[in-house]
Amino acid sequence: HAPISIYGVKVVSAQQAIELILDNPDMPIIDSRKKAEYLKGHIEGAVSLLDTEMTDQSLQAIAPDKDATILFYCNGVRCLRSSNAVLKAQGWGYTSLVWFRGGWKEWSEKRLPFVTD
């Protein structure tokens, strides 16, 4: 299981994630799942960036401002990909990280809108 919280990182529910996305239309959303999972469905505007392949450079290409808010998610509380990605981003000096811990499982259980590629 993913940790309950990560020091210095805001953990949000699906409803809070929606509010953040609506309030910050330019906010980067990082989908830390495998590409095949991303292609089957993802939050609109999310960028596929697998945690194990994410580098400081690949994250900077998406989010050049290290103080801007970035939302991370993966498959849910049994998935460690987004928490790993958040910890990496923290290590690279990103300061406003938001973690949607419930991830894709919570999003799809609530039948929230998604897109496919």
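The values are calculated or read from the model by the stated rules, or taken from the named source; none is laboratory data. What you see is a predicted model; the values in this text were computed from it and never measured. Neighbour counts run over all protein chains shown; Cβ positions are idealised from the backbone, glycine included. These accessible areas exclude ligands, DNA and RNA; they are computed on the full protein's heavy atoms, side chains included. Shrake-Rupley method; radii C 1.70, N 1.55, O 1.52, S 1.80 Å.
Helix 14-23 versus the longest principal axis of the chain: what is the Cα-based angle in degrees, 0 to 90, to the nearest 10? The helix 14-23 is inclined about 60 degrees to the chain.
Between the exposed loop cleavage positions of the chain, defined as chymotrypsin sites (Phe, Trp or Tyr not before Pro) in a non-H, G, I, E, B DSSP state with at most 16 neighbouring beta-carbon atoms within 10 angstrom, the longest gap is 8-91. The Cβ shell under 14 Å around Asn84 holds other residues with a net charge of +3, Lys and Arg each +1, Asp and Glu each -1. Comparing Ala89, Ala61, Ala17 in a Gaussian network model of the chain (Cα springs below 10 Å), the most mobile by mean-square fluctuation is Ala61.
So what's the net charge close to Asp51: Lys and Arg +1, Asp and Glu -1, counting the other residues with Cβ under 15 Å from its Cβ?
+3
I need to check one value: relative contact order of the chain, counting alpha carbon pairs closer than 8 Å and at least 6 residues apart, in percent.
In percent, rounded to a whole number, it is 36.
Find out how many positive minus negative residues lie around Leu39, taking Lys and Arg as positive, Asp and Glu as negative, among other residues whose Cβ is under 12 Å from that of Leu39. So the environment of Leu39 carries a net charge of +1. Loop-located trypsin sites (Lys or Arg not before Pro) across the stretch 88-117 with a Cβ neighbour count of 10 or fewer within 10 Å are Arg111, with loop assigned by DSSP.
Annotation for the stretch 1-45: GluC sites (Glu not before Pro) lying in DSSP loop with at most 13 further Cβ atoms inside 10 Å of their Cβ are Glu44. Placing pseudo-labels 7 Å out from each Cα toward the beta carbon at Leu80 and Glu109 gives an inter-label distance of 2.2 nm.
The convex hull defined by the C-alpha atoms of the stretch 13-54 has an orientation-averaged projected area of 3.2 nm². A crude spin-label estimate for the pair Asp23 and His1, with each label 7 Å from Cα along the Cβ direction, gives 2.8 nm.
The mean accessible area for residues of the chain, using a 1.4 Å probe and ignoring ligands and nucleic acids, is 54 Å² per residue. Taking only protein heavy atoms and a 1.4 Å probe, the accessible area of the chain is 53% carbon and sulfur. Evaluating kT/(6 pi eta Rh) at 10 °C and 1.306 mPa s, with the Kirkwood radius of the stretch 25-117 over Cα pairs in the Stokes-Einstein relation, gives 122 µm² s⁻¹. Full extension of the segment from Thr95 to Asp67, taken as 0.36 nm per residue of separation minus the current Cα-Cα distance, would add 9.6 nm.
Here the sum of -39500 (n - 2.57) over DSSP H runs of 4 or more residues, divided by the residues of the chain, equals -9500 deg cm²/dmol at 222 nm, to the nearest 500.
Applying 1/(1 + (r/R0)^6) with R0 = 41 Å to the Cβ-Cβ distance of Ser13 and Gln57 gives a FRET efficiency near 0.85.
Beta bridges per DSSP, both residues in the stretch 1-104: antiparallel share near 0 percent.
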